[in-house]
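Structure, as structure tokens:
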Amino acid sequence: MAAHYHALRHLKKNTTYKAGDVLVLFGELFHRGYANGLVEEAEKRGMTIVRTTVGRREKDNSLRPLTAEETSNIPGPFINIPLEAGFDLEPADNGLSPVDQLKDLKLSDWESFKLDRESLHQSLKKGQTRFRKNVQLYLKELETHIPENANVLFAHLMAGGVPRAKIVLPLINRTVKGIGDRYLPSKKLWESEIGELVSASFSEVTAATFDVLVQESTTLREKIQNRGQKVGYTAYGYHGTEVLMGHNYVWQSYSPYIQGWAKLQLENYSQVWNQRGVTCTVYNCPEISTNSSSIFQGVEVSLYPLLTALEKEAGQSQKSKALLSKCQTLLKPEVNLSEMTQFTSQYLSNPIIRDHCIFEQWPQHSSREQLELMLKASQHLYTFSNGDNDILTATLSEVVFSGCGKVMLNDIAHPESPVSWINHDILAKVYADL
Ligand SMILES: NC(=O)c1ccc[n+]([C@@H]2O[C@H](COP(=O)([O-])OP(=O)(O)OC[C@H]3O[C@@H](n4cnc5c(N)ncnc54)[C@H](O)[C@@H]3O)[C@@H](O)[C@H]2O)c1
């Protein structure tokens with residue numbers, strides 16, 4: 001079921017989720033991560049935030065909760081049950097995990113690798129059983145943190161699942177950063193047996209976790225609803241973003257985004273649960289720099305046009321003027337923000353990039369020319385900064401994740417659609433409180 005394109009254009013006034021209600025984070029909260037925006041907004045409203053963890057792996061690969069020391073700075077309520085999803089380290093009946101299958105493979109032989117499918121299937125099933133069991137324990141504990149008269153909002157944060165075999169990351173790095181002889185077409189990796197494993201792992205972590213959450217929380221959801229309270233589910237999606245190019249907002253995306261197929265499955269789960277009467281929405285959010293996205297150089301290029309959106313939508317607001325001035329101070333004295341945004345606009349309108357921004361064909365694989373162009377643009381834009389370019393991307397990323405938190409919390413009480421896009425237009429308006 002392909003998602004119908006629906007963009008949120010205005011911030012709704014909605015105070016359904018308020019002091020005393022509960023925001024449940026389904027995934028670990030990392031510094032700089034998207035969920036910080038939702039947490040900030042929920043805290044402003046006086047909601048209680050329930051946190052959790054993915055857990056940690058020991059040297060022998062066993063999965064454990066956090067230690068007392070590791071939890072000492074985490075505000076409560078905190079549920080210390082390891083919610084890592086996926087199956088890459090799960091031993092099959094022969095004792096070998098998918099990562100073990102890849103252990104002795106040399107980089108030069110990656111294309112000839114053949115998966116032991118039966119073992120893979122066993123690992124997959126074991127990983128699913130472990131995750132579901134931990135989710136059940138987690139939900140049991142969660143119930144003790146929910147007051148009788150509280151509305152509850154579950155926020156699904158999980159995405160990832162790169163199999164932790166030594167050989168996988170260098171191959172992914174070549175698809176997202178490889179130029180010249182190091183270039184590896186993402187299609188080639190995706191159609192290999194290693195690609196098949198990566199794809200299955202992404203599906204488990206990024207998409208199936210949402211389905212398990214909604215399914216396993218059915219009894220709790222119905223209990224809360226029978227008390228007359230609301231239950232909603234949000235998830236963070238990615239499916240390209242409309243950014244300002246010249247005078248118009250234009251949808252664009254970057255390639256390769258190999259999580260894309262799993263994100264489509266996530267959208268699909270949201271549509272299916274919505275049809276069954278569950279209040280849920282996948283919010284497709286813009287590209288930002290976070291712990292998870294920072295290895296994908298070039299993803300930040302689509303963030304700079306936010307500067308022009310702020311000028312267009314909120315140029316008169318003191319708050320956005322102050323932000324634009326702050327961003328200017330982060331550049332070298334001889335360059336200005338408009339040179340930066342003009343360069344980005346030219347880059348995004350380049351025919352090679354346009355060929356990789358076809359909404360109906362998303363997610364698209366990379367091409368050598370497109371990847372080189374993207375990486376060169378990213379490097380060129382870095383030279384504009386007067387020091388650490390990360391400060392500029394971090395500043396803009398914060399505008400985005402804070403705005404998304406606000407938009408999501410206001411929409412989810414009565415969602416416009418089970419899949420919605422949050423683009424630069426609404427974020428610029430929200431930033432300036434318009
Ligand atoms: N960064 C971006 O540009 C961008 C854009 C749109 C949407 N998103 C989405 O936002 C959400 C949060 O990502 P983020 O970029 O803020 O990074 P992040 O690193 O802060 O968050 C990643 C989340 O995934 C969880 N996770 C990772 N591997 C897991 C596993 N095996 N099992 C269970 N959970 C696992 C982590 O615990 C964490 O909660 C993700 O769904 C991501 O796809 C990110």
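The values are calculated or read from the model by the stated rules, or taken from the named source; none is laboratory data. Given the structure is predicted, the values throughout are model-derived calculations rather than measurements. So basically every Cβ, Gly included, is an ideal-geometry build from the backbone, and we count neighbours across all protein chains shown. Note: accessible area is taken over every heavy atom of the protein model, side chains too, but ligands, DNA and RNA are not part of it. Shrake-Rupley method; radii C 1.70, N 1.55, O 1.52, S 1.80 Å.
Structure values in brief
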| quantity | calculated |
| --- | --- |
| Under 23 Å from Lys188, Cα to Cα: lysines that are on another chain or at least 8 residues apart | Lys103, Lys106, Lys114, Lys166, Lys177, Lys263, Lys376 |
| Using a Förster distance of 22 Å, the FRET efficiency for Asn149-Asn14 (Cβ separation, nearest 0.05) | 0.75 |
| Accessible surface, per residue, of the chain when the full set of protein chains is kept, probe 1.4 Å, Å² | 43 |
| Counting all C-alpha pairs of the chain, share separated by more than 41 Å (%) | 16 |
| Over the stretch 314-356, volume per residue of the alpha carbon convex hull, in Å³ | 96 |
| Centroid-to-centroid separation of the stretch 1-64 and the stretch 66-81 [C-alpha atoms, Å] | 17 |
| GNM result for the chain, Cα springs below 10 Å: residue of Leu11, Leu137, Leu373 fluctuating most strongly | Leu137 |
| Segment Lys326-His414, extension gain: residue separation times 0.36 nm, minus the distance between their alpha carbons | 28.1 nm |
